[in-house]
Amino acid sequence: MAEARPTVAFLGTGIMGAPMARNVAGAGLPVRAWNRTREKAEPLAEHGVEIADSAPAAVEGADVVVTMLTDGDAVGNVMTEGGALAAMGDDAVWAQMSTVGVAAADRLAGLAAERGVPFVDAPVLGTRQPAEQGQLVVLAGGPAEAVEHCRPVFDAVGSKTLELGEAGKPTRLKLVLNTWVVGVVENVAEAIALAGALDLDPRLFFQGIEGGALDCGYAHLKGELMIEESFEPAAFPLRLALKDAALVLDAAGQAGLELPLVEAVRAQFERATREGHGDEDLAAAYEAIAAARR
Ligand SMILES: NC(=O)c1ccc[n+]([C@@H]2O[C@H](COP(=O)([O-])OP(=O)(O)OC[C@H]3O[C@@H](n4cnc5c(N)ncnc54)[C@H](OP(=O)(O)O)[C@@H]3O)[C@@H](O)[C@H]2O)c1
């Protein structure tokens, strides 16, 4: 099954899928890409990526099929009604790299099993810039031979791959990591808002944490965007962070766990989304706090 230079099909060339496809092509692997809105995929042609007219056309004859779409429903639609799963070759592997949550990951693995193709659960940690730089962290799980088959793809998009055993575990770890991500962002937003409300320069917050055990690179990155109120272009759109907070709460609820902090974060992200910030970077969560004071 394992090919040194597998042909790779990318379904979804959004913020993450496009740079990932570009890096896989840059590593010398033949790549085809399909995107619902074709114009978004077209710039990849300059990087040697073949643009397909349909999802089935992209996956036909491919050795690895990567899905990098919004959520579990989008992935399920493209793979079933969209005809991609049926068009996959019997030796091809499906690498599901979107963040879909526990229930959808199980559902998608079930679709792959029905069709008889190996399923690798492989969400990623990292955002637009790490995706552009091939510095994502890939969380991978599935049959060992299938994971091996995907290795050239994972090596091209990431700085490391954490191999976690069976499918499902990577999705669970991704939710754990995103619990941290959304919590840090809301926390920074509140610290900066409080600094402003108390007539302090918000950058004093960063001077306070800098270089010590409380410091966090992500806090600086997102906090700077909040201070500048500069939320576009989005690296990680707020609407996707809201989806992820909901996926975390679903998984926690299924496990009998309450997460009051994530509940509060979800409410804030919902508020910012309602106020029109959904397509902006998740740093725009700050706007929900700032707007409430105005
Ligand atoms: N951005 C990040 O920082 C980040 C980091 C780690 C993981 N992720 C996860 O990676 C996945 C992709 O994220 P992204 O940032 O690349 O999102 P994005 O820029 O919003 O791209 C989403 C992609 O899904 C497609 N899509 C949505 N609904 C569809 C449907 N019903 N049928 C067909 N295609 C559909 C979009 O097509 P159109 O172009 O036609 O709309 C686009 O290609 C998400 O699960 C996200 O949570 C994102």
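Structure summary
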{"read-out": "Residue list for region 199-236, restricted to those being within 16 Å of the ligand (Cβ to nearest atom), assigned to a helix (DSSP H, G or I), surrounded by fewer than 18 Cβ atoms within 10 Å (Cβ to Cβ) and of a type outside the set (A, V, I, L, M, F, W, C)", "value": "G217, Y218"}
{"read-out": "In region 128-158, the residues that are assigned to a loop (DSSP other than H, G, I, E, B) and surrounded by 20 or more Cβ atoms within 10 Å (Cβ to Cβ)", "value": "G142"}
{"read-out": "Condition check for T161: under 14 Å from the mean Cα position of the chain (by Cα) and either surrounded by 19 or more Cβ atoms within 10 Å (Cβ to Cβ) or outside any helix (DSSP H, G or I) (or both)", "value": "no"}
{"read-out": "Residues (under 13 Å from A33 (Cβ atoms) and touching a Cys at 6+ places or on another chain (Cβ under 9 Å)) located in region 65-101", "value": "V66"}
{"read-out": "Single unsatisfied condition, E166 versus (1) closer than 23 Å to L108 by Cβ; (2) outside any loop (DSSP other than H, G, I, E, B)", "value": "(2)"}
{"read-out": "Region 279-291, subset more than 15 Å from V265 (Cβ to Cβ) and assigned to a helix (DSSP H, G or I), residue modelled with the highest pLDDT", "value": "A290"}
{"read-out": "Selected residue (criterion: surrounded by the most Cβ atoms within 10 Å (Cβ to Cβ)) from residues of region 105-127 that are under 17 Å from A241 (Cα atoms) and without any contact (Cβ under 8 Å) to a residue 60 or more places away in the chain", "value": "P123"}
{"read-out": "Yes/no for A146 being in contact with a Pro (Cβ under 7 Å, 6 or more places away or on another chain), more than 15 Å from the ligand (Cβ to nearest atom) and farther than 20 Å from D250 by Cβ", "value": "yes"}
{"read-out": "Of residues in region 197-220 being touching a residue at least 24 places away in the same chain (Cβ under 8 Å) and of a type in the set (G, A, S), the one farthest from L282 (Cα to Cα)", "value": "A197"}
{"read-out": "Scope region 46-56; condition surrounded by 14 or more Cβ atoms within 10 Å (Cβ to Cβ) and either within 10 Å of the ligand (Cβ to nearest atom) or acidic (D, E) (or both); matching residues", "value": "E50, A55"}
{"read-out": "Per-region count, region 6-45, residues within 13 Å of the ligand (Cβ to nearest atom), surrounded by fewer than 20 Cβ atoms within 10 Å (Cβ to Cβ) and among the polar types (S, T, N, Q)", "value": "1"}
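The values are calculated or read from the model by the stated rules, or taken from the named source; none is laboratory data. Just so it is clear, the model here is predicted, and its values are computed rather than measured. So basically every Cβ, Gly included, is an ideal-geometry build from the backbone, and we count neighbours across all protein chains shown.
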